[in-house]
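Colleague: The following block contains the structure, expressed as structure tokens.
Nothing in this text is a laboratory measurement; each read-out follows from the coordinates by a stated rule. Just so it is clear, the model here is predicted, and its values are computed rather than measured. In this analysis, Cβ positions are derived from the backbone assuming ideal geometry, glycine residues included, and neighbour counts consider all displayed protein chains.
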Amino acid sequence: MADVVLKDVTKIFDKEIYAVKDFNIEISDGEFVVLVGPSGCGKSTVLRMIAGLEEVTQGDIYIGDKIVNNIAPKERDIAMVFQNYALYPHMNVFDNISFGLKLRKVDSKEIEKRVNDAAEILGINHLMQRKPKALSGGERQRVALGRSIVRQPKVFLFDEPLSNLDAKLRVELRTEISKLHNRLKTTMIYVTHDQVEAMTLGEKIIIMRDGVIQQKGTPVDVYDNPVNKFVAGFIGSPSMNFITGQVEDTQGLLFNRGSLSFPINSGAEDKLKEFVGKDIIFGIRPEDISISGKEKGIPMVVEILEMMGNEIYLHLAIDQNTLIARVPPDTKVEEGQKVKIIFNFPKAHYFDPDSQIRI
Amino acid sequence: MNRKLSLMGYLMSAPYIIYFIIFSAFPIFFSFFLIFHRWNIVGPMKWVGLANFNMMFSDPLFWTSIYNTIIFLLIHIPLQVVVALVLAEVLNQKIKARAFFRAAFFMPVVVSGVVVTILWKQLYSTDTGLLNNLLMAIGFGKVEWLTSTAMAMPSIALMATWKNVGLYMILFLAGLQSVPAYMYEAADIDGATTLQKFRYITIPAINPVIIMVLILSTIGGFSLFIEPYVMTGGGPLNSTLSTVLYIYRQGFSFYKMGYAATLGFMLAAIIFVVVLIQRKLIEQDD
């Protein structure tokens, strides 16, 4: 159990490629933190630096109160779960799980006990004598989880552990990992490109792009108050709709984008006044668009209707503008139908088109 | 259409089939036929039944040649496997001039065996050889590399290792490169030292290559011929008389073709049994 702190950590590959830049986080003991971002954003590099598999170019990494920059992975008291499981193919499940303990010369009775306990938790007791190739993907990842649990490390590191699994197993193991954290209360750092995993697992999520932290916060906070357009678009599925238009002042502010124009009445008027006559990006999440039953609203056409069962995704269009709306499954609409839509303005966001920062 | 196609197929494979019939199938059948005959190439064949076998079992020189070959294998194979594996491991690291060293160690493999042997004969020469000059320069006495019965076979084994190690190094190198990096990373985190990673990750992962190298070098070792033929002629005192050299002499010096064929079959049987035992011992069940 330990805090993990990264101070101004930078990783440069080949003397010029910044994989990670001035990375600062403080993860408190027992916290579950998710690093999320598109592929190539440096999130795995951060994790690998914490693990000691990658050298730190600049800055310091602390585990507990010790700087671990120059400490070998095995001395860091961490455990890591890899995307491709990284099980030892020639060892059976028991040997895979107990390998780290054997190397650390743990007493064989103790090994047996810990392996059995872990197997119990993960439901893999019956697989002990099998080789990895006789296991399914889900079972392999459970074994890999078992291998990290028995070590009782200070910190767990997960490098996209669910990416190679099918959708159903992913959900199953996701809850498994959540339960594991509740039970063990150990610091966990989890890397994923899947924003759903980030939202559901993390107590704190850190969104990265091009090696730089964009935002850190609780999932709800990041979802409701994204700092910039990137975060707003990355978190949430289907992602937020963005429309670029001009702010005009005609007896109150107006967002003008030809046929998709509307008065701005979200309480954001004060902040938007300085943008009068300039471009601005309007952002609205799909669930904050609804179909108006009355005459009021912006006219659009339903181009495509995606029935998800529990909800409907409507692809709406007018002229060159398209939006995706998420509406209840009992909404009476058809493809090709003309509808009027209403925005939930208090939930709308506005972004500066130059800096991309939320206004 | 179909007939045309199959004709085309036979035509395409004809060169190999013809080669195989002339140089493999026919000699095998013909020598099997010879086992039961006495024949000096020019005269008529004479049926002798199992007389060649009787001769073989009471021929001390044949068993000496088997013994010599086994001595050769016992030195050559472990040396070869260990040196090849160490070289492969070193040349799998990120070291300078890696490509140069890989090519340099492979070079002897493609050089003619006769050329290599003549070269080493000079290196090994007791009075004028480079090796002994070097030993004397640093204060040691002369070694009778090829002229003492104790040293001759080990000297040949050493040379054979130098000649072939590049090939096995390349095989090991291919094996090492197929071990995924994440396995070593997982072992790093599990707490394995460099040696433990080699023992628990590398060796099991390249086990199939180790088996292949062992079998190939066993078969290759049993057919030891050029080295003693060119270097020592089987001497001193038959201490480097290899089985194949002995078979060659029976056939082409004494023209006992039937007897030579019998010894050849015996050698093939021995190789078969040895390789079978090797596989049983080393192969992992999985």
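Colleague: Could you pull out every residue, at least 5 positions away or on a different chain, whose amide H is within less than 5 Å of the one on A:Met80? Hs are placed 1.01 Å off N in the peptide plane, and Pro or chain starts have none.
Modeller: A:Leu157
Colleague: Hey, can you grab everything whose amide H is under 5 Å from the amide H of B:Arg38? Only 5+ residues off in sequence or another chain; H modelled, so Pro and N-termini drop out.
Modeller: B:Lys46, B:Trp47, B:Val48
Colleague: Can you pull a Stokes-Einstein diffusion coefficient for the protein assembly as shown at 4 °C (1.567 mPa s), Rh from Kirkwood over Cα pairs, as a whole number of µm²/s?
Modeller: 41
Colleague: Counting partner chain Cβ atoms within 10 Å of every residue's Cβ in A:80-86, what's the average?
Modeller: Partner-chain Cβ atoms within 10 Å, mean over residues of A:80-86: 4.
Colleague: Further question on the same structure: List every residue whose amide H lies under 5 Å from the amide H of A:Met208, counting only residues 5 or more places away in sequence or on a different chain, with H placed 1.01 Å from N in the peptide plane.
Modeller: For A:Met208, whose amide H was placed from the backbone, the distant partners under 5 Å are A:Val36, A:Gly37, A:Gln214.
Colleague: Setting aside same-chain residues fewer than 8 positions from A:Lys66, which lysines have a Cα under 21 Å from its Cα?
Modeller: Here the lysines satisfying the reach criterion relative to A:Lys66 are A:Lys7, A:Lys11, A:Lys74, A:Lys154, A:Lys185.
Colleague: Here's something else I'd like to know. Please give the helix A:108-122 orientation as an angle from the longest Cα principal axis of chain A, in degrees from 0 to 90, rounded to the nearest 10.
Modeller: That helix lies at roughly 20 degrees to the long axis.
Colleague: Sticking with this one: Using 0.36 nm per residue, how much length does the chain from A:Glu75 to A:Asn125 gain when fully extended, once their Cα-Cα distance is taken away?
Modeller: Here the answer is 15.1 nm.
Colleague: Here is a further query. Between A:Asn164 and B:Val42, what's the calculated FRET efficiency when r is the beta-carbon distance and R0 is 51 Å? Round to 0.05.
Modeller: 0.10
Colleague: Here is a further query. Rounded to whole Hz and in sequence order, give me ³J(HN,Hα) for segment A:237-245 from the Karplus expression 6.51 cos²θ - 1.76 cosθ + 1.60, θ = phi - 60°, writing x for Gly and Pro.
Modeller: Here the 3J(HN,Hα) series is 9, x, 6, 4, 7, 10, 10, 8, x Hz.
Colleague: Using a 10 Å cut-off around each Cβ of peptide B:92-103, what is the average number of partner chain Cβ atoms that fall inside?
Modeller: For peptide B:92-103, the averaged partner shielding equals 0.
Colleague: Considering the Cα trace of chain A, what is its radius of gyration and what is Dmax, both in angstroms?
Modeller: 24.6, 80
Colleague: I need the peptides A:76-84, A:62-70, A:139-147 ranked by packing, meaning the mean over residues of other C-beta atoms within 10 angstrom, with the highest value on top.
Modeller: Per-residue mean Cβ counts within 10 Å order the peptides as A:139-147, A:76-84, A:62-70.
Colleague: For an R0 of 22 angstrom, estimate the FRET efficiency from the Cβ-Cβ distance between B:Leu281 and B:Val82 and round to the nearest 0.05.
Modeller: Efficiency, from the Cβ-Cβ distance: 0.80.
Colleague: Follow-up question, since we're still on this one. So how far, in whole Å, is the C-alpha centre of segment B:24-71 from the one of segment A:46-114?
Modeller: 62
Colleague: Scanning chain B for helices, which whole DSSP H stretches are 20 Å or more long along the axis (Cα) and average -0.5 or more by Kyte-Doolittle?
Modeller: B:2-20, B:60-91, B:152-177, B:207-222, B:257-282
Colleague: How far is helix A:167-184 tilted off the main Cα axis of chain A, in degrees rounded to 10, range 0 to 90?
Modeller: The two axes meet at around 60 degrees.
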